[in-house]
Amino acid sequence: MGHKLFPSQQDDETIYLVVREHWVHLLLKVLIWAFFAAILILFNRFSQSTLPGLTQGILGQGTLLVAQIYTMLLVLSLFLIFVFYYLNIQVITSIRVVEVTQEGLFDHVVSELHIDKIEDATSQTVGILGTIFNYGDVFVQTAGTVDRFEFHNVPNPGGIEKMVLDLYEKNSNFVKDAATGNR
């Protein structure tokens with residue numbers, strides 16, 4: 001028995017696809033983080049020469065404390081960007097679609113949708129970045145209590161939509177064949 005991607009994964013369940021948010025969105029988050037890191041670097045570089053009163057005496061100690069807290073928050077935010085990127089996954093298997101969402105450092109939600117409960121799947125690519133880098137959203141309409149599964153900013157949304165619909169057709173044909181006795 002190997003490593004399980006989600007708690008209810010069965011030993012005979014075939015995993016067809018594990019998908020995370022597209023790397024372009026990760027890059028955008030890191031670029032925003034780099035902007036805030038550049039503010040700190042520029043402040044440290046130029047504050048002593050342009051605002052010497054801000055770095056001396058009791059005010060200087062307060063400024064140093066704020067800069068250290070800001071640095072800790074920067075490190076924490078970069079860590080969280082990568083943790084959420086790595087732990088938020090969607091898994092398509094032979095019998096279900098699973099979404100693992102990391103809500104916080106110690107809180108995650110696992111949602112499952114059995115293939116035979118699917119009513120429809122739709123993919124959507126929006127914007128110039130989505131079109132250039134082929135990423136977008138996939139919506140899987142269900143017959144269950146959850147109206148639809150939404151996979152946001154995933155690579156190749158059209159391919160994922162086709163895979164989900166193909167698995168649904170394969171599974172529904174298997175169920176029909178089993179009910180009629182055909183193989």
Q | Enumeration of residues in region 125-170 that are part of a loop (DSSP other than H, G, I, E, B), in contact with a strand residue (DSSP E or B) (Cβ under 9 Å, 6 or more places away or on another chain) and hydroxyl-bearing (Ser, Thr, Tyr) | A | Thr125
Q. Scanning for something at negative phi and part of a helix (DSSP H, G or I), does region 94-105 turn up at least one residue?
A. no
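Residues in region 46-67: is at least one surrounded by 14 or more Cβ atoms within 10 Å (Cβ to Cβ) and within 30 Å of Ser111 (Cβ to Cβ)? Quick ask: steps written out before the conclusion?
First, pick out the residues of region 46-67 that are surrounded by 14 or more Cβ atoms within 10 Å (Cβ to Cβ): 47, 54-55, 60, 63, 67.
Going one step further and asking which of them are within 30 Å of Ser111 (Cβ to Cβ), we end up with none.
So far as region 46-67 goes, no, none of its residues is surrounded by 14 or more Cβ atoms within 10 Å (Cβ to Cβ) and within 30 Å of Ser111 (Cβ to Cβ).
Every number here is computed from the coordinates shown, using simple stated rules; none is lab data. Here the structure is a predicted model, which is why all the values come from computation and not from measurement. Ideal geometry is used to build each Cβ from the backbone, glycine not excepted, and the neighbour counts take in all protein chains shown.
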